[in-house]
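> Supplied in structure tokens, the structure appears directly below.
The values are calculated or read from the model by the stated rules, or taken from the named source; none is laboratory data. Please read all numbers here as calculations on a predicted model, not as lab measurements. We place every Cβ from the backbone using ideal geometry, glycine too, and count neighbours over all the protein chains shown. Remember, those area values only see protein heavy atoms, side chains included, never the ligands or the DNA or RNA. Shrake-Rupley method; radii C 1.70, N 1.55, O 1.52, S 1.80 Å.
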Amino acid sequence: MKQLNAKILSNEKVGTAFYKMRLASSYLAKLAKPGQFVEIRCSKGTAPLLRRPLGVHRVSSLGIEVLYEVVGKGTEIISNKRAGEDLDIIGPLGNGFDLELGSDVNILVAGGIGVAPLMALAEGLSVKKSRKIHVLIGARVKSHVMCEGEFKALGCAVKVTTDDGSRGYKGLVTELLKKLLATHKVKTYLPDFRGITVYACGPNAMLKSVAAIAMEHGIPCQASFEERMACGVGVCLGCPVKVKSPEGYKMVCKDGPVFDAGEILW
Amino acid sequence: MNMAVKIGRLKLKNPVMAASGTWGTDYLELSDAGKLGAVVLKTVTLESRTGNRSPRVCETASGMLNSIGLENKGIDDLIENKLPRLNGIRTCIIASIAGDDKREFKELAVRLSACKRVDAIEINLSCPNIKYGVNEGLIAHNEKAVYTTVKAVREATKLTLITKLSPNVTDIKVFACAAEAAGTDAIALTNTFIGMAVDINTGRPMLGNITGGLSGPAIKPMSLRAVWEATKAVDIPIIGIGGIMDYKDAIEFMLCGASAIQVGTANFVNPNSTVEIVEGIEAYLKRKNIGGIGKLIGAIKLG
Ligand SMILES: Cc1cc2nc3c(=O)[nH]c(=O)nc-3n(C[C@H](O)[C@H](O)[C@H](O)COP(=O)(O)OP(=O)(O)OC[C@H]3O[C@@H](n4cnc5c(N)ncnc54)[C@H](O)[C@@H]3O)c2cc1C
Ligand SMILES: Cc1cc2nc3c(=O)[nH]c(=O)nc-3n(C[C@H](O)[C@H](O)[C@H](O)COP(=O)(O)O)c2cc1C
Ligand code: FES
């Protein structure tokens, strides 16, 4: 990890509530992995004071992209930054997704802005053409459905749900997961089938139910967590997640943000 | 430029330290701790503690609340695993200790005194999140308990002793005097101020623990005032802490009588802020033609 000033290449609104920002950094281009994040300093003054964590949405040859939702003061300030300005960031932080689980079928489950890091993951997984990638996107309304086209361009099979049915299915993204697993189950009996892995990012309630479904089917599940953060590097012990091991808690920033679902005390 | 200061028998190459709970070896990749006077380690207890439930941090106006709950892996882990990792760093290491009673404090002091890498001990009497016994509240909020605890540690170690006090008291002078009478070499002021915040969308407290400790720029004027009061009450060195973000904040504390300062929350915002503060103080002394750091301490002009 490094603290660096990255030049903003672009920072544009996508849909009604989200922004996509491209940051130039050869260092991050080389090192950032799907599932990792950066800590962004929004203001040089003291309000907002703490850095804001944003996941790596995409890694390119120039640097990284982040995809974010404006939910408060920090993200609002970030959304007002212009191309050409420098951004003070620390990264890459945390441990990414495990791409080497080597499953034939990979199911990516996104809730809301949780879609952001799954794009980088899909790009990483798609390097190996034999892998089947399903992406299940859950969004509040039609205009919040992100990255559908980009996932399809990678060759992913994409299904969408919205809370109000304004796009795709109506209802919870976890219902889609149940249906998909039901259709895939039969294949697991084939001798050369190398398994299914579920990857998820979204609100805690969604992660919990995705993990429960995966465990029911006995398939591995990697979940990316969000927790309020101060340092972002493992120093302040401010971002705990409950784990089954005797230590009780692990830190989302340093030990995560991606955890094996089986490790978590849900 | 002479930047060295003395705290008890401990000589620091400059007055800037990283505060307990806000520095760890993860920062070595981002900032050179070898340039600091000292780093204070996260408070350690005899047994490991799992800490409080989530959420543990939340931002407030120019500050933050935390309710970590003294999570740490215990003294055995510190000695076996953490101290060896500090071997290459050319700065003083100050261990911070907390316990439920004076016997625990004493045992911690004895064990740390046997560690070569530990240069001094800071007694944390003031972490607002842990309750010492059912009816006693915090040790830091009872001057008799402060006196007996510090005295017990004093008898257990020859290392330089720093007593860190809580600002959540009516008259800080009483507590500073109690620590001085018990034999501490220095006093560190302040720990966090107890506070809380509520999420009006959910109607719930922002912290899982409901209340927590406020730190950052928001507390600086109050910490500064506590240091100012304490310097008038005792003859031992005071270490100023609270909302220091840059060298200007640090100099304010030193003008009010602090012999050294600690930087906490600012590390999260800019991990290199401590090093920049050292450089900033040095440049200020040159600019102002002040011959050495000693001339700054308590040099506030009144009247
Ligand atoms: C590892 C990690 C990766 C993340 N990646 C992304 C991403 O790719 N895109 C994106 O839009 N958001 C992401 N987030 C969430 C993002 O950090 C928060 O939305 C942001 O910090 C809110 O800042 P604010 O000042 O705008 O809002 P605030 O005014 O601080 O808060 C507004 C709301 O956001 C919640 N919030 C604040 N901080 C966090 C946090 N660290 N995590 C979760 N919720 C928070 C608050 O509880 C509050 O409800 C990520 C969070 C983490 C921990
Ligand atoms: C996340 C966090 C953890 C802390 N942990 C400790 C601790 O373990 N022991 C201690 O004595 N003080 C602890 N403190 C208090 C700081 O050392 C410091 O006294 C306080 O934050 C005020 O300084 P600041 O405004 O520069 O942060 C902690 C503060 C924060 C923000
Ligand atoms: S945010 Fe500080 S330990 Fe995770």
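> Points 7 angstrom from Cα along the Cβ direction at B:N2 and B:R90: gap in nanometres?
Placing both labels 7 Å beyond Cα along the Cβ direction yields 2.1 nm.
> Set the bar at 21 Å for Cα to Cα. Now go through A:K30/A:K152; A:K30/A:K159; B:K158/B:K220; B:K35/B:K286; B:K144/B:K173 and name every pair that lies beyond it. Let's see the in-between values first.
Values: A:K30/A:K152 25 Å; A:K30/A:K159 32 Å; B:K158/B:K220 32 Å; B:K35/B:K286 19 Å; B:K144/B:K173 14 Å.
Among A:K30/A:K152; A:K30/A:K159; B:K158/B:K220; B:K35/B:K286; B:K144/B:K173, the Cα-Cα distance tops 21 Å for A:K30/A:K152; A:K30/A:K159; B:K158/B:K220.
> Find the centroid of the Cα atoms in the stretch A:3-58 and in the stretch A:228-264, then give the distance between the two in whole Å.
Value for the Cα centre distance between the two parts: 22 Å.
> Threshold 20 Å², probe 1.4 Å: give the residues of the stretch A:39-75, in number order, that are less accessible with all protein chains present than with their chain alone.
A:R41, A:T46, A:L49, A:L50, A:R51
> In Å³ and rounded to a whole number, note down the convex hull volume per residue for the Cα atoms of chain B.
Hull volume over Cα atoms, normalised by residue count, gives 134 Å³.
> I've got another one for you. Please go through the stretch A:24-124 and write out the GluC sites (Glu not before Pro) that DSSP classes as loop and that have at most 15 other C-beta atoms within 10 Å. Intermediate results must be reported in sequence, preceding the final value.
Numbers: sites: A:E39, A:E65, A:E69, A:E76, A:E85, A:E100, A:E123; in loops: A:E85.
Sites meeting the loop and neighbour criteria: A:E85.
> Which entries of A:K44/A:K254; A:K132/A:K242; A:K170/A:K250 show an alpha-carbon separation above 28 angstrom in the structure shown?
Values: A:K44/A:K254 25 Å; A:K132/A:K242 32 Å; A:K170/A:K250 35 Å.
The pairs that break the limit, which is 28 Å between Cα atoms, are A:K132/A:K242; A:K170/A:K250.
> To the nearest whole number, what is the average tally of beta carbon atoms from other chains within 10 Å of the beta carbons of peptide A:2-10? Present the calculation step by step, with values, prior to reporting the outcome.
Details: counts 2, 6, 0, 0, 0, 0, 0, 0, 0.
That works out to 1 on average.
> So, one more: Based on the alpha-carbon gyration tensor of the stretch A:49-169 and its eigenvalue square roots a ≥ b ≥ c, which shape applies: rounded if a/c is under 1.5, prolate if not and a/b is larger than b/c, or oblate? Before the final figure, lay out the partial values.
Numbers: a/c = 2.14, a/b = 1.28, b/c = 1.68.
Here the stretch A:49-169 falls in the oblate category.
> Give me Rg/Rg_expected for the protein assembly as shown, where Rg uses Cα atoms only and Rg_expected = 2.2 N^0.38 Å with N residues.
Details: Rg = 25.8 Å, N = 569, 2.2 N^0.38 = 24.5 Å.
In units of the 2.2 N^0.38 Å rule of thumb, it is 1.05.
> Okay, moving on. At most 16 other Cβ atoms within 10 Å plus a DSSP loop assignment makes a site exposed; report the longest stretch of chain A without any exposed trypsin sites (Lys or Arg not before Pro).
Details: sites that count: A:K44, A:K81, A:R82, A:K128, A:K129, A:R140, A:R194, A:K244.
Result, exposed sites excluded: A:141-193.
> Follow-up question, since we're still on this one. Only Cα pairs under 8 Å and at least 6 apart count here; give the relative contact order of chain A as a rounded whole percent. Spell out each step's value before the answer.
Working: 613 pairs, mean separation 45.8, N = 266.
Relative contact order for chain A comes out at 17 percent.
> For B:L302 and A:S245, what is the calculated FRET efficiency with R₀ set at 45 Å and r taken between the beta-carbons, to the nearest 0.05? Present the calculation step by step, with values, prior to reporting the outcome.
On the way: r = 57 Å, r/R0 = 1.27.
My answer for the efficiency is 0.20.
> Now a separate question. Carbon and sulfur atoms: what percent of the 1.4 Å accessible area of the protein assembly as shown do they account for?
The C+S portion of the solvent-accessible surface of the protein assembly as shown is 51 percent.
> From the gyration tensor of the Cα coordinates in chain A, what semi-axes in whole Å does the equivalent ellipsoid have, largest first, with each one equal to sqrt(5λ)? The partial results should precede the final answer.
Values: eigenvalues 175, 87, 63 Å².
Working through the eigenvalues yields semi-axes of 30, 21, 18 Å.
> A further question follows. Would you mind checking B:K73/B:K102; B:K11/B:K248; A:K2/A:K142; A:K7/A:K142 for any pair whose Cα atoms are more than 26 angstrom apart? Walk me through the numbers before you get to the answer.
On the way: B:K73/B:K102 20 Å; B:K11/B:K248 23 Å; A:K2/A:K142 38 Å; A:K7/A:K142 32 Å.
Pairs exceeding 26 Å: A:K2/A:K142; A:K7/A:K142.
> Measure nothing but the geometry: give the 0 to 90° angle between the long axis through the Cα atoms of A:115-125 and the longest principal axis through the Cα atoms of chain A, rounded to 10°.
70 degrees
> Shifting gears a bit: Across peptide A:225-235, how many C-beta atoms of other chains are within 10 Å of each residue C-beta, on average? Display every interim value, and only then the final one.
On the way: counts 0, 0, 4, 9, 4, 14, 11, 3, 8, 4, 12.
That works out to 6 on average.
> Ok, one more. Note the buried accessible area between A and B here, summed over both chains, with a 1.4 Å probe, in Å² to the nearest 100.
Numbers: alone 12610 and 13620 Å², together 23600 Å².
Buried area (both sides, nearest 100 Å²): 2600 Å².
> In a GNM of chain A with a 10 Å cut-off on Cα contacts, which of A:S103, A:S79, A:S43 has the highest mean-square fluctuation?
A:S43
> Let me ask another. Per-residue ellipticity at 222 nm for chain A, helices alone: DSSP H runs ≥ 4 residues times -39500 (n - 2.57), over residue total, nearest 500 deg cm²/dmol?
On the way: 6 runs with 55 residues, N = 266.
After summing the helix terms and dividing by the residues of chain A, the value is -6000 deg cm²/dmol.
> For the stretch B:30-104, which trypsin sites (Lys or Arg not before Pro) are in a loop by DSSP, counting at most 12 other Cβ atoms within 10 Å?
Numbers: sites: B:K35, B:K42, B:R49, B:R53, B:R56, B:K73, B:K82, B:R85, B:R90, B:K102, B:R103; in loops: B:K42, B:R53, B:R56, B:K73, B:R90.
Sites meeting the loop and neighbour criteria: B:R90.
> Label the stretch B:221-303 by shape, choosing from rounded, prolate and oblate, from the square roots a ≥ b ≥ c of the eigenvalues of the Cα gyration tensor; if a/c is under 1.5 it is rounded, and otherwise prolate applies when a/b is larger than b/c, oblate when it is not. Mind showing how you got there, number by number?
Numbers: a/c = 2.08, a/b = 1.18, b/c = 1.76.
Note, shape of the stretch B:221-303 comes out oblate.
> A further question on this structure: Just to be sure I follow the definition: excluding the sites themselves, where is the longest run in chain B that has none of the GluC sites (Glu not before Pro) in a DSSP loop with at most 15 other Cβ atoms within 10 Å?
Details: sites that count: B:E47, B:E136.
The longest uninterrupted stretch comes out as B:137-303.
> Straight distance only, please: which aspartates and glutamates reach the Cα of A:K244 with their own Cα at less than 13 Å, same-chain residues fewer than 8 apart left out?
Cross-link targets: A:D260, A:E263.
> Ignoring ligands, DNA and RNA, what accessible area per residue does the protein assembly as shown give at 1.4 Å, in Å²?
With all protein chains present, the protein assembly as shown gives 41 Å² per residue.
> So, one more: So how long is each side of the stretch B:189-263 along the principal axes, counting just the alpha-carbon atoms, biggest first, in Å?
Here the spans come out as 48, 25, 15 Å, largest first.
> Counting partner chain Cβ atoms within 10 Å of every residue's Cβ in B:264-273, what's the average?
Details: counts 1, 6, 2, 5, 12, 12, 6, 8, 1, 0.
What the average comes to for B:264-273 is 5.
> Still on this structure, I have one more. What are the chymotrypsin sites (Phe, Trp or Tyr not before Pro) within the stretch A:62-169 that DSSP puts in a loop, where the Cβ has at most 13 other Cβ atoms within 10 Å?
On the way: sites: A:Y68, A:F97, A:F151, A:Y169; in loops: A:F97.
Within the stretch A:62-169, no chymotrypsin sites (Phe, Trp or Tyr not before Pro) qualify (loop, at most 13 other Cβ atoms within 10 Å).
> So what's the Cα pair-distance distribution over the stretch B:49-207, bin width 5 Å, in %?
It works out to 2, 8, 16, 19, 18, 16, 11, 6, 2, 1, 0, in whole percents.
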